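Report on the following structure.
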C-alpha cells in the first residue's frame, strides 16, 4: 500500500461517506494485484475482469464494514476471493480455461524464465481451490499468514496449514517436472 | 509469529513469486478495470449532495399508506426540539457537571471554531499535495436511483398457542438489543442480511408463523444501498433499523416503524433518519434509542468568515422531512480528534407521532453499554504522535460519556471520564451499585513501552476513578469479559487462557480473587445460574489455538478457585461469537443452549468455507452434554471449477437459532428449518 495510514484512513472515511473518487483511489492502489489474483484463480481474462469489477462494486457497497483502514487490502481480497468462488459456482463446470497464448500473447519458444513461469502456473492448477486461494494471496498479494486468514475468513492456524499442504503438493509437482 | 507460514514455505513461496514475474508483465490491467472506469460505475455521486431522493420517494408512498389505512395523523410541522435534552457546558467537557437545563449552551460560533480547528489540524496532516491530486481527478460518476420499498403479501391464519420461546441474548435485563431475528413466541421475524452481489446487498424482512406449521406470512424487500439491517419487535410494532447509502447522498441511519397487527400486511407507521452510520441502538421501556456517528467533511465552504449552517450542523428526518439540529443541542468535546458527531435520538415505538428527542456530541463513539437508567458511550482516542503501530495498535485511552435516560425519552448528559486503553466490546463495561466498571487493554502506562497490559477501572457517578487494577496479564489481550454483580470475570490470552476472577465488592480496592489457566480461550462468557459460567472460544494446546471450538462450564462458586468442571470440544469448527454475542440462545426451562459454529472441515475436503451448523448443548448435573447438530436445509451442490478442483458453495451458513415450545428454529440466508428439541429431527422447513 503506497499510502500513509492517515491518508488511507482519510480516504476510507471519504469512501464510507459515499465518495467515489476516494474509493477509486483506494481501488487503484490494488487493481493490478486484484486482477492478477482473479486471472490466476479463474484461469481466463473474461471471468477475471467480471470478478474484479463485481468485487469492486461489492466493496464499495459494503465499505462501511471496513472498520480498520489498515486492513483494506485483506478486506478487499476477501471480497474478491468470495466473488471468484461465486463465479465458479455460477459457471458450474467452468470450462473456459483460456490457452496460454490467448492469455499471455505469443510465447517465445526459447525463453527459459517464461517457461518456468508457465510451469508454475500449471502447477497451481492442481491445487484445490481452497489451497490455491492461500498461495495466490501470499504470492501475488504478499500477504502474511494472519492476513490470509482474514481474507479467507478462517483461523490463522488453518491458513498456515493450508499453505503448508499446498506447498507440499507444489514441491512434488514441480520436482516431477524437474524445475 | 506462530501464525506465520513455515520458514521453508515462505522461502518456496518467494521462489514461486519470482518465477511468476515474467507472466505479470504479460497480463496488464484491462482498460475496463482501470480506476476511472470502475469509479464511473459506482452507484454514487459527489459526497456532499443532500438528502436521499430514494428515502423521499419511499416515504411519500409510506405516508400515504398510513393515512389511508390506519388514519394516523402525521403533523406537517414537526415539533422536534421540544423538551429537555442533553446539557453539557462547553467549557468543562471531562466533568459535565450540573446538567439540568434544556440545552448545552453551545453557540453556533463555538461550533464553527471547533470545526475550523479540526480543519486546521487535518490540513497539517496532509502531505505532498495529495488531496489536490485527488481533487484534480475528474472521474465521471453517475448517480443512480433505487426503487422504493415494496410490500409483498402472503397468507394468514390463526395464531398458535404460546409457550416458552427464545429471546435475544441481551447483555442487560430489560434492555433489548436489535438483532436480525426476533421471536415473540408466535411469530418469527427475520432479516436476511447477507451481502449478495446478485441482489445488490439487499436486506429482506421475513415474518413467519412458527406453529403449527412453519410458514412465511410476508416478505418486505428493502431497496439497495442498505446495510446492517436489524430489527425490534414490541407487541404489534416492528422497527427496522439500518444504515442506508442513498445514491449521491450521505449515509443515513434509518428506522422504519411498522404496525404488524396484521402480520400479512405490515403498515409503515413512520420513518426516522439521522445522518451518519448506525453505531448501536437499544429499546428501553418502549423507547428506541438510536445512536449514529456522522463524519463531517472538512472541505466546507467559508463565506465571509462564516461556515454556512448546512455544512456542519447534524440533520434528522421525520418521514423524510429534514430538521437541522441547532448548535445548542450539540455538546463540544475539546479533545475530540475526529470531525464526527455522535447523534442520539429516542423515538416512541408505540406512537404514530413523528416525534423524537435528539442531541449530539462532537466526537465519535465506538462501544455502547446501556442499562435501564443510563447509557455509556466509549470513545477510543489514538495516540497521534507515535508511530503507526502505536497509532493503530491499541487505543491510548478511552473517553467515556454517560447519558441518563429519563422518562419520556429525554437523554440527559451525566458526566465524562477517561480510562487507559480500550474496551473489547460492550461486555467490557457494566454499572452496578452506582459504580461503572470497565475492562480495557492498552499499553503499559508507566514506562510507555509498547507492551500490552490490561486494566480494570472503577468509576463513580461522576466518572471519576475510585479504584482499579493495572498491568494485568502483560503481553496478553482481553478476549472476553463479564461483570456479574460484585464480581468480574476476564479472559486474556497469549498461549493459554487465564480466567481471572476479580472481586469488585469494594469498588475502591478491586482485587484478583482467583485465576485459572487453561489452553485455548473463551471469547464469550455467559452466566448460568449463580454458580456457573459458560465459556465459548477456540480450543488450544500449550502452543496456541487449534482448529476446534471449546465449550467450557466453569464453577465460580468459590471465587478463589474457579474450576472448569466440564468441557466439550467441537472439532473442526470455529466461532465468531466474540463479535456477535446474539448468536447465543438460551432455553432456560430445558437447561439447553445453542449457537452456530462455523465448519471448516471444508478446507480438508475441498468444501469451501462459510458453512456453519447450529449446535445445541445441555447442562445436566454440572456436566455439559452435547445435544444436536442442526443443519440448514439449503442444498450443497458440488461445483467443478475451471482448474478441475471441486467446490461447494458457501450459502450454508446458519446465522441464528431460536426456539418456541419444543422446537428449535434455525435460519440461514434463504431458509428456516424447524427441528424437534427432543429428537433433533427435522420437522419442517421453508425457503424465502
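Every number here is computed from the coordinates shown, using simple stated rules; none is lab data. Note that the structure is predicted; figures quoted are calculated from it, not measured. Neighbour counts are summed over all protein chains in view; Cβ atoms, including those assigned to glycine, are modelled from backbone coordinates with ideal geometry.
A few notes on this one:
- By definition, a body whose alpha carbon gyration tensor gives a ≥ b ≥ c is oblate when a/c is 1.5 or more and a/b is not larger than b/c, and the range B:248-382 fits this oblate description.
- Residue by residue along A:31-44, Cβ atoms of other protein chains within 10 Å of the local Cβ number 3 on average.
- For B:239-246, mean number of other protein chain Cβ atoms within 10 Å: 1
- Note on B:289-298: average number of Cβ atoms from other chains within 10 Å of each residue's Cβ is 1.
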